[in-house]
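The values are calculated or read from the model by the stated rules, or taken from the named source; none is laboratory data. All values derive from a computational prediction rather than experimental measurement. Because the Cβ atoms are built from the backbone with ideal geometry, glycine has one as well, and the counts that use them run over all protein chains shown. Each accessible area value is taken on the protein alone, full model and side chains, heavy atoms only, with ligands, DNA and RNA left out. Shrake-Rupley method; radii C 1.70, N 1.55, O 1.52, S 1.80 Å.
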Amino acid sequence: MGYRVTLIPGDGIGPEVVEAARRAVDATGIRVDWEVREMGARPFAATGDALPAATLGSIRANRVVLKGPVETPAASGLRSLNLHLRQALDLYANVRPCRTYAGVPSAYEDIDLVVVRENVEGSYTGWEFAMGTVEAKELMRFIEETTGRRVREDSGLSIKAISAFGTERIVRFAFEEARRRGKTLVTAGHKANIMKFSDGLFLEVARWVAADEAARRVAGTHPEIAFEDRIIDALCMQLVQRPERFQVIVLPNMYGDIAAELVAGLIGGTGVAPGGLFGGGDDGRDLAVFEATHGTAPRLAGTNRADPVGLILSGAMLLRHVGEREAGDGLEAAVADVLAEGAHVTEDLRAAGDDRPAAGTFAFADAVIARL
Ligand code: IPM
Ligand code: MG
């Protein structure tokens, strides 16, 4: 019996990059029983449901998912289908590793860091009040009463909420991620100087967790992990100036969204950036959905031109997650070899002036499989 994994092809370039990743994972020799389930615009067009119960049921039963990007159908009434999935399953930790690979055009070398993003609260609560509505006016009245300051009437309001509970679990998750990766530094980003009660709480709890993690550490089992914090704007500057000094960065939801893409830009773009969403169980790793950072790229759909690296590397993360560390490392090494060699890379990875023909999505996957 192999590992049972839910496979979600998704929309746009999703089916192609997911198929390329599935072939690459299979080629490691680890037996996976893929259970294909739909999510996104296709099931919505057929049944009016973008996230069918059969898909949720499969995810809940298998606990491990490889997922392509999905489109949020405008008529679905959902703010975002991705957000809906993450909140429905309480996938509170989003792990986005970013490292430089030889052969991928980038201005940097030696970046090897991980963004650990809180993924269900913060600015993504979805508690929003449109300009001019009774609810917005009511809330404005409350704000005026309690603060003595008026909100401009023609304002829309979005509520950001950061809890001690949500912060403790994401920061502990970040420390555990550091231990697993042999990292020795966790950096927390925030805007505690301005948002004293949301980001301020995040910082306070993060410091407390860091002290507690240090106190609980059993000498000799893992290297000591240092902790520091940075105000988010300064962190962005330092990420651009000296990304190689960072190891694990833990961030509230929205800053994590932005920083993950910033860092992906440093290493060659979202095409090569993998990721995992985690939640459940004592350690937050009972349920895991692996997906790349990129979206559906409808322009490239069906053309065999999309870059499958992000999804193949997400597949490598999946293998490590189920306990197949060697196979996961082997798959990542095969991808790194093909990138370094440069003969079979997709067009997005061709540096200006490199006239070699670009490879298609599946030719890249085949080159990885040949390496394996
Ligand atoms: C991401 C995306 C999502 C986010 C969108 C699609 C909801 O940008 O996965 O980073 O904002 O989290
Ligand atoms: Mg994003």
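Some points to look at:
- Summarising the overall dimensions of the range 77-144 from its C-alpha atoms, the Rg and Dmax are 19.3, 58 angstrom.
- Across every direction, the projection of the convex hull enclosing the Cα atoms of the range 1-98 has a mean area of 7.1 nm².
- Here the range 91-140 is assigned +1 on the Cβ of each Lys and Arg and -1 on the Cβ of each Asp and Glu. Its dipole about the Cα centre then comes out at about 100 debye.
- Potential lengthening between residue 237 and residue 102 on full extension [0.36 nm per residue; Cα-Cα distance subtracted]: 46.2 nm
- Under-5 Å amide H pairs with residue 114, H placed in peptide plane, nonlocal only: 98, 248, 249
- Pairs of Lys in the chain closer than 29 Å at Cα, counting only those 8 or more apart or on different chains: 8
- Simple label model, 7 Å out from Cα along Cβ direction - residue 370 to residue 147, nm: 6.1
- Put a dot 7 Å past the Cα of residue 31, heading toward its Cβ, do the same for residue 304, and the two dots end up 3.2 nm apart.
- Interatomic Cα distance distribution for the chain, bins of 10 angstrom, percent: 5, 23, 31, 26, 12, 3, 0
- Net charge in the neighbourhood of residue 45 (other residues with Cβ under 11 Å of its Cβ; Lys, Arg +1, Asp, Glu -1) is -3.
- Phi to ³J(HN,Hα) by Karplus 6.51 cos²θ - 1.76 cosθ + 1.60 over the range 24-38, Hz, x for Gly, Pro: 5, 5, 4, 5, 6, x, 6, 7, 10, 9, 7, 10, 7, 9, 8
- Area of residue 84 that stays accessible when all protein chains are in place (1.4 Å probe, Å², to 10): 80
- Rg over Rh, two decimals, the range 263-359 (C-alpha only, Kirkwood Rh): 1.02
- Computed from backbone phi, the HN-Hα couplings of the range 65-79 come to 9, 10, 10, x, x, 10, 9, 8, x, 4, 7, 6, x, 8, 5 Hz, rounded to whole numbers (Karplus: 6.51 cos²θ - 1.76 cosθ + 1.60, θ = phi - 60°; Gly and Pro given as x).
- Note, ³J(HN,Hα) from phi for the range 164-169, Karplus 6.51, -1.76, 1.60, rounded to Hz, x at Gly and Pro: 5, 4, x, 6, 4, 5
- Long-range HN-HN contacts of residue 226 with modeled amide H, under 5 Å: 185, 186
- Remark: the chain carries a charge dipole of roughly 400 debye about the Cα centre, counting +1 on each Lys and Arg Cβ and -1 on each Asp and Glu Cβ.
- Extension gain (nm, one decimal) between residue 214 and residue 185, 0.36 nm per residue minus Cα-Cα: 9.2 nm
- Distance from the range 33-98 to the range 297-339 (C-alpha centre basis), Å: 20
- Rounded to the nearest 10 Å², the accessible area of residue 127 at probe 1.4 Å: 140
- Rolling a 1.4 Å probe across all protein chains gives residue 191 an accessible area of roughly 40 Å².
- Length released on extending from residue 356 to residue 123, taking residue separation times 0.36 nm less the Cα-Cα span: 79.5 nm
- Accessible surface ranking for 195, 1, 317, 237, 1.4 angstrom probe, highest first: 1, 237, 195, 317.
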